[in-house]
Amino acid sequence: MKSNEKKMDHPGIVSSNEWEAARQKLFVKEKELTHARDALAAERRRMPWMAVEKEYKFDGPRGKASLLDLFDGRRQLIIYRAFFEPGVVGWPEHACVGCSLMADQVTHPAHLNARDTTLAFASRAPQKDIERLKARMGWEFIPWYTITDNFDKDFDVDEWHGTNAFIRDGDRVFRTYFINSRGDEQMGNPWNHLDITALGRQEEWEDSPKGYPQTPPYEWWRWHDEYGNEEASAKVREQVRRGREAGQAGDDK
């Protein structure tokens, strides 16, 4: 023990059999939590939609963009409001430390895109500063826009970070969900992002309203640079088939 380490009052030391028994006991509670989380996501998919009637404008790397443009042609849009602007601690070298931690967690967007979903960040900093920040921090793959109007105030993110989910029906945009504070600190992986959307993970095991898009679990997964590659798709399906036949790739949530 290092001289500056405090003695910990740790749990007991047990045999492998006792450890496995304790793990199995905890596993029961963990599955209960998983199922409760699934049920909560199912409720989110039944949240009413709020029509977005105002026209919002952003600055982007390719110029002016509407809220509809931020979907980038996809059905769903998730916007994280990141604080990077004058007055925020770290400006102009850094964004808010918490928002930066969020950005560090974001995985490759190809997986969300494969579920017809776009993730974007929005701040009030000019695009030249956003592009400089993205290059410095390795966030080039995150679409990041400049808020130019009351979007942040209207969607509850003018004074604190938060994540809004939207869906479009043709050219009509609807707000479907919002979460902030500790609620969005877990965001970053595609599963948690999809779980706050109106369509969810779009897998067959999910409890979703009738007619929602759904496909078999696992089979839609790809390497992030192989979506659209049929040869890669066939290899994934074969691997999933072997896992199911061995009883090791169940679809029981």
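The values are calculated or read from the model by the stated rules, or taken from the named source; none is laboratory data. Keep in mind that what you see is a predicted model, and the values were worked out from it rather than measured. Heads up, the Cβs are rebuilt from the backbone with ideal geometry, glycines too, and the neighbour counts pull from every protein chain shown. Surface areas here come from the heavy atoms of the whole protein model, side chains and all, with no ligands, DNA or RNA. Shrake-Rupley method; radii C 1.70, N 1.55, O 1.52, S 1.80 Å.
Points to keep in mind about this one:
- Among the residues listed as R132, R175, R136, R182, the single one being modelled with pLDDT under 95 and basic (K, R): R182
- Qualifying residue in region 5-17 (condition: in a loop (DSSP other than H, G, I, E, B), charged (D, E, K, R) and either open to solvent by less than 80 Å² (accessible area, probe 1.4 Å) or in contact (Cβ under 8 Å) with a residue 12 or more places away in the chain (or both)): no
- Residue within region 58-77 that is within 18 Å of Q186 (Cβ to Cβ) and either among the β-branched types (V, I, T) or in contact with a Pro (Cβ under 9 Å, 6 or more places away or on another chain) (or both) present: no
- Condition check for N164 on (1) more than 19 Å from the chain's Cα centre (by Cα); (2) under 30 Å from V97 (Cα atoms); (3) touching a residue at least 60 places away in the same chain (Cβ under 8 Å): one failure, at (1).
- The set of residues from region 137-176 being part of a helix (DSSP H, G or I), among the charged types (D, E, K, R) and surrounded by 13 or more Cβ atoms within 10 Å (Cβ to Cβ) comprises D152, D154.
- Hey, A198 in a loop (DSSP other than H, G, I, E, B) and modelled with pLDDT of 95 or more or not: yes
- Of the residues making up region 35-84, those that are on the phi > 0 side of the Ramachandran plot and open to solvent by less than 80 Å² (accessible area, probe 1.4 Å) number 2.
- Number of the exception - A122 against (1) assigned to a helix (DSSP H, G or I); (2) open to solvent by less than 20 Å² (accessible area, probe 1.4 Å); (3) in contact (Cβ under 8 Å) with a residue 60 or more places away in the chain: (1)
- Scanning region 217-253 for residues that are assigned to a loop (DSSP other than H, G, I, E, B), open to solvent by less than 90 Å² (accessible area, probe 1.4 Å) and either modelled with pLDDT under 85 or over 16 Å from E203 (Cβ atoms) (or both) turns up E226, Y227, G228, N229, A246, G247, A249, G250, D251.
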